[in-house]
1. Being farther than 30 Å from residue 133 by Cα, surrounded by fewer than 16 Cβ atoms within 10 Å (Cβ to Cβ), assigned by TED's automatic domain parsing to the domain that holds residue 141 and among the small types (Gly, Ala, Ser) narrows it down to one of 178, 188, so name that one.
2. So which of 274, 286, 245 ends up being outside any loop (DSSP other than H, G, I, E, B) and modelled with pLDDT under 85?
3. Among residues belonging to segment 250-263 that are part of a helix (DSSP H, G or I) and in contact with an Asp or Glu (Cβ under 9 Å, 6 or more places away or on another chain), point out the one that is surrounded by the fewest Cβ atoms within 10 Å (Cβ to Cβ).
4. Based on this model, can you work out whether residue 200 counts as over 14 Å from residue 44 (Cα atoms) and of a type outside the set (A, V, I, L, M, F, W, C)?
5. From 349, 363, 339, 324, grab the single residue that is more than 28 Å from residue 177 (Cα to Cα), part of a helix (DSSP H, G or I) and of a type in the set (A, V, I, L, M, F, W, C).
6. Test residue 24 against the stated conditions and say whether it is of a type in the set (A, V, I, L, M, F, W, C), surrounded by fewer than 14 Cβ atoms within 10 Å (Cβ to Cβ), part of a helix (DSSP H, G or I) and without any contact (Cβ under 8 Å) to a residue 40 or more places away in the chain.
7. Identify, by number, the condition in (1) in a loop (DSSP other than H, G, I, E, B); (2) modelled with pLDDT of 95 or more; (3) farther than 16 Å from residue 24 by Cβ that residue 81 doesn't meet.
Amino acid sequence: MDGDLPPYGPRSTSTVFGQDDAQIEFLEAYRADRLHHAWLITGPKGIGKATLAWRIVKFLLCTAMDSKESPACDRKSVVSLDVPEDHPVAKRIEAATEPTAFGIARSPSPISGRMRKVIPIDDIRELQSFFSLTSAEGLPLVAVIDSPDEMNRHSANAMLKLLEEPPDNAYLLLVSHSPERLLPTIRSRCRRLFCKPLSDRNMSNALRQLNLELPKDIHPLVSLSEGSVGTAAELISEGGLELHSRIIEVLSGAPGMDRGKMLSLAEGFEGMQSANDFEIGLKLMSLCVARLARAAATNGIQPVKFSEQETLMFNKLTLKPQAAKIWAELHERFIASAADSLLTNINPASSIIDMCLEFEDSAIRASAA
């Protein structure tokens, strides 16, 4: 909930990299005075969707204030979503003190203090209360939900009711990494705004904005993170590149995986202090299988070579006719397994072991004559 959260990165970041098409599409709708009341901003996690959403919030509220003070302002004369960094409305939005802007994201439980796994219905009820208000200055009311993917059934139904009966002079921006998980009726009541994975250049610029030390060759990092700044930042700051190497060392032994190495890898995820490592590990396991599936579908062509060990694994596991289907099916299971592991209190080591054993079984079938 907005009142319980400190300003977070996307709200206070001024620059969006690599999403020019999405910005132009929104701007054209604004210039034509045909803004939909609800926008579903979609794309992979960590590519700037939430930053774009808060950029839109600043644009809508700052331009509304400027138009109120200067009625002669013409929508058609607006050429970008840029607003002055020192604009008082923008500064209040960044400080989470602007009464016409509201944000919802997962927040700590008031009872346990631990981060909740879902957005509960109480947060959506607060959003409904927010939209029942009237701005004293006549500004629109704008809210960001980051992310509706994390709503439970009750909060999703409450959100649907809000979309079915939208308030006047109000806009809702939903940041979704997996729109297929949303209720079809929620998707159908929103206008979709697509965001793309970042190129090497945009990734470099975005990471430098975060003051992160980059490797000399950034292309493997871009490929491994699938164009996601958030994932790349995690890989750099949380030792993800080293973890990727450890995972490949274990998986490359399949079929015939070294059980000692597998257990050592799994034990590294034990303990609450490794919760973030566990999530990154799940992503890397899933990504490895996704890359195997893509390589198998293109006759064993490996998109980016990280190591000789990984290249040998690709050559061994992607050349048989049945390999593409086997790895694609395993990737789907890994995605579902990772989601379940993060939503429950399953032992991280057990989850990693189960995934390694599934990988071993798939490797046997993918390499069979």
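The values are calculated or read from the model by the stated rules, or taken from the named source; none is laboratory data. No experiment lies behind these values; they were computed from the predicted model shown. Neighbour counts are summed over all protein chains in view; Cβ atoms, including those assigned to glycine, are modelled from backbone coordinates with ideal geometry.
1. On the way: 188 fails: farther than 30 Å from residue 133 by Cα.
Testing whether each residue is farther than 30 Å from residue 133 by Cα, surrounded by fewer than 16 Cβ atoms within 10 Å (Cβ to Cβ), assigned by TED's automatic domain parsing to the domain that holds residue 141 and among the small types (Gly, Ala, Ser) leaves just 178.
2. Details: 286 fails: modelled with pLDDT under 85; 245 fails: modelled with pLDDT under 85.
After ruling out the rest, the residue left standing is 274.
3. Quick first cut of segment 250-263, residues part of a helix (DSSP H, G or I) only: 250-251, 259-263.
Within this subset, residues satisfying the condition of being in contact with an Asp or Glu (Cβ under 9 Å, 6 or more places away or on another chain) are 250-251, 261-262.
Numbers: 250: 23, 251: 26, 261: 16, 262: 21.
Checking each candidate, the answer is 261.
4. Details: over 14 Å from residue 44 (Cα atoms): yes; of a type outside the set (A, V, I, L, M, F, W, C): yes.
Spelling it out, residue 200 is indeed over 14 Å from residue 44 (Cα atoms) and of a type outside the set (A, V, I, L, M, F, W, C).
5. Numbers: 349 fails: more than 28 Å from residue 177 (Cα to Cα); 339 fails: more than 28 Å from residue 177 (Cα to Cα); 324 fails: more than 28 Å from residue 177 (Cα to Cα).
Of the residues listed, the single one that is more than 28 Å from residue 177 (Cα to Cα), part of a helix (DSSP H, G or I) and of a type in the set (A, V, I, L, M, F, W, C) is 363.
6. Details: of a type in the set (A, V, I, L, M, F, W, C): yes; surrounded by fewer than 14 Cβ atoms within 10 Å (Cβ to Cβ): yes; part of a helix (DSSP H, G or I): yes; without any contact (Cβ under 8 Å) to a residue 40 or more places away in the chain: yes.
Yes.
7. (3)
To keep it simple, each residue is scored yes or no on (1) more than 18 Å from residue 197 (Cα to Cα); (2) at pLDDT 90 or above.
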| position | (1), (2) |
| --- | --- |
| 2 | yes, no |
| 6 | yes, no |
| 9 | yes, no |
| 22 | no, yes |
| 33 | yes, yes |
| 38 | yes, yes |
| 41 | no, yes |
